[in-house]
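The next block holds one structure in the form of structure tokens; read it before the comments.
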Amino acid sequence: MVIRSWDGTARPGAAEEYLAFLTKVMVPAIVALPGCLGVEVLRRAGAGDHFVVQSRWADEDAIKAFAGDDPEHAVVPD
């Protein structure tokens with residue numbers, strides 16, 4: 001198993017909207033991908049607009065199928 005971690009900060013005042021987008025749109029889409037074993041969305045205490053997303057993958061090939069040849073590449077829709 002490989003864990004892929006990404007963190008980012010929502011625009012000021014948009015944290016709740018971003019959290020809803022992550023949990024209702026992005027997480028279900030990622031979990032549906034072959035090789036994805038689960039996703040957690042963490043919100044940093046004391047900094048309500050900062051998030052960490054950790055996804056678990058069966059192997060690096062599954063991550064590359066999601067993120068491309070560079071597994072460090074962030075996959076974030078506009």
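Restricting attention to segment 37-56, the residues that are at pLDDT below 95, more than 10 Å from the chain's Cα centre (by Cα) and assigned to a strand (DSSP E or B) total 2.
The residue of segment 12-64 that is surrounded by the most Cβ atoms within 10 Å (Cβ to Cβ), among those that are in contact with a Lys or Arg (Cβ under 6 Å, 6 or more places away or on another chain) and under 14 Å from Val75 (Cα atoms), is Ser55.
Scan segment 1-11 for residues that are surrounded by 11 or more Cβ atoms within 10 Å (Cβ to Cβ) and closer than 16 Å to Ser55 by Cβ and report the count.
Qualifying residue count for the region: 6.
The values are calculated or read from the model by the stated rules, or taken from the named source; none is laboratory data. Treat the numbers as computed from the prediction; the structure is a model and nothing was measured. As a convention, Cβ positions derive from the backbone with ideal geometry for all residues, glycine included, and neighbour counts pool all protein chains shown.
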